[in-house]
Amino acid sequence: MRILNICVNGIYTDYMSYHENLLPKYHKKNGHDVFVLASEFFFDENGLPKKCDKNEYVDNNGVIVKRLKIKDNHDISYRLKKFANFYHEIETIKPDIIFCHLFQFLDAYQVLKYQKKHPEVVLYFDSHADYSNSATTWISKHILHGLIWKRLAKKAAKQCKIFYGVLPARVDFLKERYGLSSNKIKLLPMGADDELVKKYSKAKTISEVRTKYGYSDNDFVIAFGGKIDNSKKQVLNLMRVVKNLNENIKLIIFGSVEKELKEEFYKLSKCDRIKYLGWLNSEDSYPVFACCNLACFPGRHSVFWEQVVAQGIPLLVKHWDGIQHINLGGNVRYLYTDSEKEIKEQLSIIVDCKEYEKMKNAASSPKKDEFLYSNLARKSIEE
């Protein structure tokens, strides 16, 4: 089968750990011919958008990537941008299956035009919008999502097989904001790269990583990863708590730090029990989480939550409506206020041997394999 993944609504960066990277990788590994249509922009190592100097190339997974220019000199952030030669590229690829990542883009109408002309083509859309990241202003709520994208969603629902929400909260958003029928919507969660989970889960590798960072077998290691910004600044509370707990509790952090938080962050990081690794690429996050006892994510959801579930690591996370999919039956405990007091209370409960053993047993459940991308990729085109 020829599968076309359309990733123009955003910035496509090769070898990241997002849906748009790992679904094509495992579609290819599952034996399909795979193509990606993406914008010409990617994020560099400093997290800044940069233009790709290649229009077409084959990535390390054997996926053919085609980069499209934005029409009319619109900026990459312009929400209603369109792309040059978009319809022509779809015609050239002649896909059997089209999977549109982040369906809220105007050229989706061109996808619908193509599928109407070729009704044998199976069409899927996914959506990453929920009430924490979308419809937060009057214009976004009533114009973008309430009018423009709702109209598109209603039209697309007549032609596509399934709309996927990547969180339960995003399934709810599709129903409530666009009025889509429940039989047109399913959950397709984010997850982890099978190869990297396997590579870094070996006991010898975990021991080597802990030794590298100076951790003993008696240390209880907590890990946090991701961009440290105003939506995740509660990590500063986590740092304050660890700084004042007993000495065998350690915290390892990686990710970029937003400018206005840097002074306080670096002041707190000057503690023997806190290790800051700076920014890490996607692969390097796997050994960090694999070597820890607990992953803690105060603040907003990130793709690392599902990755950690797939790696079999217990979680302490901020409670949000619509994130129940990560609970395998006791692997997760929740924070409701993200305060220092609450984080301290929860960590005190978790480090108790009996409670941690329960969480670890639940985290090791075979259910975690549902978050491996080999399974997600297969499920994504079989529904």
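The values are calculated or read from the model by the stated rules, or taken from the named source; none is laboratory data. All values reported here derive from a predicted model rather than from experimental measurement. All Cβ positions, even for glycine, are placed from backbone atoms using ideal geometry, and neighbour counts span all protein chains on display. Accessible surface areas use protein heavy atoms only, side chains included; no ligands, DNA or RNA. Shrake-Rupley method; radii C 1.70, N 1.55, O 1.52, S 1.80 Å.
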Apportionment of accessible area to carbon and sulfur, the chain, percent (1.4 Å): 48 percent
Using only the Cα atoms of the stretch 244-304, build the gyration tensor, take square roots of its eigenvalues as a ≥ b ≥ c, and label the shape rounded, prolate or oblate: rounded if a/c is under 1.5, else prolate if a/b is larger than b/c, else oblate. oblate
Solvent-accessible ranking of 101, 74, 88, largest area first, probe 1.4 Å: 88, 74, 101
Magnitude of the Cβ-charge dipole (Lys and Arg +1, Asp and Glu -1) of the chain about the Cα centre, nearest 20 debye, reported as 860 debye
Residue by residue through the stretch 106-123, which ³J(HN,Hα) values in whole Hz follow from phi under the Karplus form 6.51 cos²θ - 1.76 cosθ + 1.60 (θ = phi - 60°), with glycine and proline marked x? 5, 5, 4, 5, 5, 5, 5, 4, 5, 5, 5, 6, 10, x, 6, 6, 8, 10
Work out, step by step, the length gained on full extension between residue 117 and residue 284: first 0.36 nm times the residue separation, then minus their alpha carbon distance; give nm to one decimal. 55.7 nm
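Using a cut-off of 9 Å between beta-carbons, work out the net charge of the residues near residue 310 (Lys and Arg +1, Asp and Glu -1, residue 310 not included).
Overall, the nearby charge balance is -4.
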What whole number of Å gives the distance from the Cα centroid of the stretch 236-312 to the Cα centroid of the stretch 340-356? 17 Å
Can you work out ³J(HN,Hα) from phi for every residue in the stretch 242-255, in order, using Karplus 6.51 cos²θ - 1.76 cosθ + 1.60 and θ = phi - 60°, giving whole Hz and x for Gly and Pro? 4, 4, 10, 8, 5, 5, 8, 9, 10, 10, 10, 10, 9, x
Percent antiparallel among DSSP beta bridges confined to the chain, nearest 5, equals 15 percent
Say each of residue 87 and residue 231 gets a label point 7 Å from the Cα, pointing the same way as Cα to Cβ; how far apart are those two points in nm? 3.5 nm
Using the charge dipole of the chain (Lys, Arg: +1 at Cβ; Asp, Glu: -1 at Cβ; taken about the Cα centre), state which of 11, 104, 222 has its Cα farthest towards the positive end. 104
Please list 3J(HN,Hα) in residue order for the stretch 184-198, calculated via the Karplus relation 6.51 cos²θ - 1.76 cosθ + 1.60 where θ = phi - 60°; whole Hz, with x for glycine and proline. 9, 10, 9, 8, 10, x, 6, x, 9, 6, 3, 4, 7, 4, 5
Label zone at residue 94 (point 7 Å along Cα-to-Cβ), backbone N below 16 Å, the stretch 7-48: 33-35
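Based solely on its DSSP helices, what 222 nm [θ] is calculated for the chain when runs of n ≥ 4 H residues each add -39,500 (n - 2.57) and the sum is averaged over all residues, nearest 500 deg cm²/dmol?
Calculated at 222 nm, the ellipticity per residue is -9500 deg cm²/dmol.
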Please state the relative contact order of the stretch 254-383 as a whole percent: Cα pairs under 8 Å, 6+ residues apart? 20 percent
Relative contact order of the chain, defined on C-alpha pairs under 8 angstrom at six or more residues apart (%): 14 percent
Stretch residue 349-residue 240 to full length: gain in nm at 0.36 nm per residue minus the Cα-Cα span? 37.5 nm
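With a probe of 1.4 Å, find how much accessible area the stretch 205-349 has per residue, and write the answer as a whole number in Å².
42 Å²
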Can you pull out the trypsin sites (Lys or Arg not before Pro) in the stretch 131-225 whose DSSP state is coil and whose Cβ has at most 10 other Cβ atoms within 10 Å? 158
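Would you please classify the overall shape of the stretch 198-309 from the alpha carbon gyration tensor, given that a ≥ b ≥ c denote the square roots of the eigenvalues, rounded means a/c under 1.5, and beyond that prolate means a/b larger than b/c while oblate covers the rest?
oblate
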Within the set 25/267; 175/379; 158/233; 29/204; 25/202; 28/69, which residue pairs have Cα atoms separated by over 31 Å? 25/267; 158/233
Taking the Cα centre of the stretch 233-383 as the origin and placing charges on Cβ (Lys, Arg +1; Asp, Glu -1), which of 364, 301, 237 is farthest toward the positive end of the dipole? 237
Could you run the Debye sum over the Cα atoms of the stretch 93-191, one equal point scatterer each and no solvent, and tell me log10 of I(q)/I(0) at q = 0.20 Å⁻¹, two decimals? -0.96
